[in-house]
Amino acid sequence: MPESQLVRVDKSGGIATLSLHAPPANTYSYEMMSALDAAILDARMDDDVHVIVLTGTSRGVEGKPDFFCAGADIAMLQRVTPRYKYYFCLHANETLNRLEQTPKLVIAAINGHCVGGGLEVALAADLRIARRGAGKIGLPEVNLGVLPGTGGTQRLARVVGKTKAIELMVKAELVDFDAAADLGIVNEVLENDGFDEAVRAYAAQFVPPARASRAVGLIKRAVQTGAEMSFESGLALERELQQQLFTSADAKEGLAAYVEKRKAEFTGA
């Protein structure tokens, strides 16, 4: 399938929705990761985009499960050389790092099974919301004799803690989305009916004029970058980013709206 069809892009209302499309399970390949990388960079550079939503295309077939993403194409990995496997994982890691580091809020809308590399993709998002009863979530790579090699061991441990992350991975445990929310892997579980509309409403709360999207992006940067620094260095980064915001139009609007006791109308500037 051409790269342009492997990630479908829709932009409207300040939201870029990137949909993984490789039916039936939305497994990813080198070509899909290349398409995703290009879509992320395009959204990052688009001043009209304030939030990125990452999801999987739904087949909508009665009695057939939907997938957010079932991870890497296992059949492809079986037939390629170890050297190709290594560079494939490296490329995928670079793409997910770009997703994690882009200065715009990224929401994973998990609308079906999210396993293996699929969960690794979702973990690179800032927030994860899921469709109730639509599937399972987990990192069962140990069943294949390998480990989660696209950031899973590192990101899951940072979300649930080392001990629980090890337990989930070595037991190859798959849990439903409500249990994933209890573990902190999923931020919120939305009802099955009307999920797509609810996702859009969820994302819209972070888009101007409702929210100062530049501040949202710098909050993300402060947390993502600061978490890898010493505490003192993180505080220094926080002060630097705050100084940038103090000169922004949205900060002036937010402070003025507070003093004037009115609702702020942000522009993202």
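The values are calculated or read from the model by the stated rules, or taken from the named source; none is laboratory data. Quick caveat, the model's predicted, so the values are computed rather than measured. No Cβ is skipped: glycine too gets one built from the backbone with ideal geometry, and neighbour counts run over all protein chains shown.
Quick rundown of the values:
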{"read-out": "Residue satisfying condition, being over 17 Å from the mean Cα position of the chain (by Cα) and either modelled with pLDDT of 95 or more or surrounded by 12 or more Cβ atoms within 10 Å (Cβ to Cβ) (or both), within set R214, R221", "value": "R214"}
{"read-out": "Lone unmet requirement of (1) modelled with pLDDT of 95 or more; (2) among the small types (G, A, S); (3) closer than 21 Å to G116 by Cβ; (4) crowded, with 17+ Cβ neighbours inside 10 Å for A179", "value": "(4)"}
{"read-out": "Region 82-100 residues that are within 10 Å of Y30 (Cα to Cα), paired with ones that are outside any helix (DSSP H, G or I) (beta carbon under 7 Å, 6 or more apart)", "value": "C89/G149; C89/T150; A92/T150"}
{"read-out": "Within region 1-89, strands (runs of 3 or more DSSP E) holding 1 or more residues that are within 29 Å of V207 (Cβ to Cβ), charged (D, E, K, R) and in the same structural domain as A130 (by TED's automatic domain parsing)", "value": "7-12"}
{"read-out": "Filter pass, R211 being assigned to a helix (DSSP H, G or I) and closer than 25 Å to Q242 by Cβ", "value": "no"}
{"read-out": "Meets criteria (modelled with pLDDT of 95 or more and either more than 29 Å from Y87 (Cβ to Cβ) or touching a strand residue (DSSP E or B) at 6+ places or on another chain (Cβ under 6 Å) (or both)) for L54", "value": "yes"}
{"read-out": "Complete set of residues in region 20-42 that are farther than 19 Å from S58 by Cα and more than 15 Å from the chain's Cα centre (by Cα)", "value": "Y30, E31, S34, A38, D42"}
{"read-out": "Number of the exception - Y30 against (1) free of Cβ contacts under 8 Å to residues at least 60 places away in the same chain; (2) in contact with a Phe, Trp or Tyr (Cβ under 6 Å, 6 or more places away or on another chain)", "value": "(1)"}
{"read-out": "Where a residue in region 37-55 is acidic (D, E) and its partner, wherever it lies, is buried (at least 20 other Cβ atoms within 10 Å of the Cβ) and part of a helix (DSSP H, G or I), with Cβ under 9 Å and at least six apart", "value": "D37/T95; D37/L99"}
{"read-out": "Of the criteria (1) in contact with a strand residue (DSSP E or B) (Cβ under 7 Å, 6 or more places away or on another chain); (2) more than 22 Å from L96 (Cα to Cα); (3) not in a strand (DSSP E or B), which one V189 fails", "value": "(3)"}
{"read-out": "Test: residue in region 59-70 that is within 14 Å of the chain's Cα centre (by Cα) and either within 21 Å of R155 (Cα to Cα) or among the small types (G, A, S) (or both)", "value": "yes"}
{"read-out": "Single match in E191, E232, E167 (criterion: charged (D, E, K, R), more than 19 Å from the chain's Cα centre (by Cα) and within 27 Å of T17 (Cβ to Cβ))", "value": "E191"}
